[in-house]
Structures are given as structure tokens and as C-alpha cells.
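The values are calculated or read from the model by the stated rules, or taken from the named source; none is laboratory data. Treat the numbers as computed from the prediction; the structure is a model and nothing was measured. Glycine gets a Cβ as well: all are built from the backbone with ideal geometry, and neighbour counts include every protein chain shown.
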Amino acid sequence: MEQKSYELFKIQSFAELLSVLLSGISFLFPFLIGYYLIIFTDSLSIGVLIAIFLVNDRVVGPLREISTSFNKINTTSDLQKNTFNKLGSILVRFGMMEKRRKDVFRY
């Protein structure tokens, strides 16, 4: 059990690190291009650059949360399956549900 917990922690940490790195790149990339366009070509205003940043933040933030949640769901699927099956056996034992077959609970 402890080894599985450690493996889960490693996978979640790696996924979170990857998510933070990609988020940082998506934050810096538009600014670097925007600064280049402002300084060298004078084809972009600072207000437009700030607007691009705000739109970028509204898109990347939810995507990061979705990827983090998806990773947590995937890494805990075995735990969820065991929990739901044990809950089902308790409900059958107390007559709150009739027994059907093994692994009857799907999520």
C-alpha cells in the first residue's frame, strides 16, 4: 500500500511539474513576441499586449485545472474501483442491495 501511494505521488508530482512548465512557457511566449513587436517593429501597442496576456490567462488556467483533475482521476482509478466494490459488498450484507455479480459498480 505504501509503495502504491509513493508511485501515485511520483506520477502526480511529475504531471504537476509538466503542467507548471507548460503554463510558464505559454505565459512567456506571447510576452516575448509582444515585446519584440513593440520594441523593434512598433506594430503593437502595450494595451494590445496586455489584452493578449489576459486572454491567454483565461484559456490556459482552466486547461491546467482540467489536466490536473484528469490526472488525479486516472491515478486513483484502482482505489475507486476497490472502494466501490467494498461499499457494494457492505450494502449487500445489510440487505440494502441485492447481489448481482463481481465488479457491479461502474463509474
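Descriptive notes on the structure:
- Leading residue by the ranking (farthest from the chain's Cα centre (by Cα)) among those in segment 1-33 that are surrounded by fewer than 13 Cβ atoms within 10 Å (Cβ to Cβ) and of a type in the set (Phe, Trp, Tyr): Phe29
- Residue in segment 34-47 that is surrounded by fewer than 14 Cβ atoms within 10 Å (Cβ to Cβ), among the aliphatic types (A, V, I, L, M) and at pLDDT below 80 present: no
- In segment 78-96, residue modelled with the highest pLDDT [restricted to those that are closer than 30 Å to Phe14 by Cα and surrounded by fewer than 11 Cβ atoms within 10 Å (Cβ to Cβ)]: Asn82
- Selected residue (criterion: modelled with the lowest pLDDT) from residues of segment 12-33 that are small (Gly, Ala, Ser) and over 18 Å from Asn56 (Cα atoms): Ala15
- Test for Lys99: is it over 30 Å from Leu22 (Cα atoms), modelled with pLDDT of 75 or more and not polar (S, T, N, Q): no
- Residues in segment 19-60 that are of a type in the set (S, T, N, Q), farther than 27 Å from Asn71 by Cβ and assigned to a helix (DSSP H, G or I): 1 in all.
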